[in-house]
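Please read the structure below before turning to the comments.
FYI, it's all coordinate maths here, none of it is from the lab. Computed from a predicted model, the values in this text were never measured in an experiment. Here the Cβ positions follow ideal geometry from the backbone for every residue, glycine too, while neighbour counts run over all protein chains shown.
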Amino acid sequence: SQTIHQWPATLVQPVGSPLSLECTVEGTSNPNLYWYRQAAGRGLQLLFYSVGIGQISSEVPQNLSASRPQDRQFILSSKKLLLSDSGFYLCAWSVGRANEQYFGPGTRLTVT
Amino acid sequence: QQPVQSPQAVILREGEDAVINCSSSKALYSVHWYRQKHGEAPVFLMILLKGGEQKGHEKISASFNEKKQQSSLYLTASQLSYSGTYFCGTENTGFQKLVFGTGTRLLVSP
């Protein structure tokens, strides 16, 4: 069966510090991968998605970036965090077209 | 454009029914429904595709009106475990890029 991992689960970082969040998927090949952010009490905002290694599409211009160095690994990064980057970061995967997305457990980021 | 969900919140007694609506201003390829409990990740419930195909939860049903660009989620004989926030995600292109709705908070009480 397929599983998705995210780490860390929680993170507290000062403004201006770098960020690296990692997501890995097991049990499937060539998944579509997604990064979402959810502000407290709000909906899900798509940040990046990837249909293959090295292929990244950005949805929202910001100080975040994403990379996919391996088929089942997706990384979200920032060189300098802003207060507005606080939120619940969710990685998700799907396979093919018009198929359901499955979410990882998420990383709760607080920028102080 | 973010799809609009209604109602924003609903309170039910256990065993009662509810309908959650999702409306888009764009033509839709598919509609996905997810439930999120507080502090947890969203969980997939249903997917409805253009042309009528559906996949998903046994005890939850949904409809998709392509012409009106709307979808409705039907929760019947609600259980306490149905409590949470429901999100619809709409897809315009068939390339799995979802735009999630504003969310509907559902509370089921004993």
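Remarks
- The phi-based Karplus calculation (6.51 cos²θ - 1.76 cosθ + 1.60; θ = phi - 60°) puts the 3J(HN,Hα) values of region B:10-23 at 8, 10, 10, 8, 3, x, 7, 9, 8, 10, 10, 10, 9, 10 Hz, whole numbers, x for Gly and Pro.
- Karplus 3J(HN,Hα) series, Hz, for region B:28-33 with 6.51 cos²θ - 1.76 cosθ + 1.60 (x for Gly, Pro): 10, 8, 7, 10, 10, 10
- Mean separation of Cα pairs under 8 Å and 6 or more residues apart, divided by the residue count, gives chain A a relative contact order of 36 percent.
- Only the Cβ atoms of Lys and Arg (+1) and of Asp and Glu (-1) were treated as charged; on that basis the dipole of chain A about its Cα centre amounts to roughly 220 debye.
- Taken one residue at a time, the phi angles of region A:44-58 give Karplus couplings (6.51, -1.76, 1.60, θ = phi - 60°) of 9, 10, 6, 9, 9, 9, 9, 9, x, 4, x, 9, 10, 10, 9 Hz. Gly and Pro are set to x.
- Net charge, A:Arg97 excluded, C-beta distance under 14 Å - Lys, Arg +1, Asp, Glu -1: 0
- For the residue pairs B:Lys26/B:Lys59; B:Lys26/B:Lys55; A:Lys79/B:Lys37; A:Lys80/B:Lys26, the C-alpha atoms sit more than 26 angstrom apart in B:Lys26/B:Lys59; A:Lys79/B:Lys37; A:Lys80/B:Lys26.
- Spin-label model distance (nm) - B:Ser63 vs B:Gln2, 7 Å beyond Cα toward Cβ: 2.7
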